[in-house]
Amino acid sequence: MFNTIRRDIQSVFDRDPAARSWLEVVLLYPGLHAVWGHRISHWLWTHDFKLLGRWVSQIARGITGIEIHPGATIGDAFFIDHGMGVVIGETAEVGANVTLYHGVTLGGTSLNKGKRHPTLEDNVVVGAGAKILGAITIGTNSRIGANAVVNKPVPPNSVVVGVPGQIVRRKEERATLDFNHGVMPDMIGASVISLMSRMDALERVLAIERHVETPPREKIWNLDDFAI
């Protein structure tokens, strides 16, 4: 238990440069309080004290603004930054070293009693306001962009952006957590490039068939602008 507490505290220092002392982290970080409240409520839930487990989770929700169902499974070094408005459903599974920002929802899309919430594998980072819905798996080392809506499985080492979420595979696996939120792929821009390239190719074919010269066009797009 004490090792788990130490890892939870260390996860804050590892992922929040604003953290200055262990006392500040223990007293003033609602994400950490929510995780500790969940560890208590989950123990009660799994030992058939379900009503008491829900009661503890509701107290933690009222204090922190973070709602984690006691039935959810949370791994080591789970960090919720800021945290207000985070909702994690009953059958959600969260791996080790996962980071969530405020407004994230791990929600269900089924009325069935079985598995209906997402599974986040190790080292996943979920940006502010993102919604991950249904019994899907988010692969290891993936990053979900802010306000993305994800309703399909995501392979490891991916970036997901947009509504609905568009998956971009990385060329190389990442050895560390990915917090580079300022670098996100522009899927609309990439689609426009693809359409313009196709249009240019068709115009060249038509020009050859008609024996006319195609007018010059200024190149204003570059696929390199959309690399991640």
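We did not get these values from a lab; they are worked out from the coordinates using the rules stated. As the structure is a computational prediction, the values presented were derived from the model and not from experiment. So basically every Cβ, Gly included, is an ideal-geometry build from the backbone, and we count neighbours across all protein chains shown.
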Karplus ³J(HN,Hα) for segment 22-35 (6.51 cos²θ - 1.76 cosθ + 1.60, θ = phi - 60°; Hz, whole; x = Gly/Pro) runs 5, 5, 4, 5, 5, 8, 10, 9, x, x, 5, 4, 5, 5
Counting only DSSP loop positions in segment 50-136, the trypsin sites (Lys or Arg not before Pro) whose Cβ has at most 10 other Cβ atoms within 10 Å are K113
One can check that the equivalent ellipsoid of segment 1-97, built from the alpha-carbon gyration tensor with semi-axes equal to the square roots of five times its eigenvalues, has lengths in Å, largest first, of 22, 14, 12
A correct Stokes-Einstein calculation for segment 22-70, using the alpha-carbon Kirkwood radius, 20 °C and 1.002 mPa s, returns a whole-number D in µm² s⁻¹ of 202 µm²/s
Along segment 37-47, Karplus-curve 3J(HN,Hα) (6.51, -1.76, 1.60; θ = phi - 60°) to the nearest Hz, with x for Gly and Pro, reads x, 5, 4, 5, 5, 5, 4, 4, 4, 6, 10
Any residue on another chain or 5+ positions along whose placed amide H is under 5 Å from the amide H of L120 is listed here as E93, V94, G95, I138
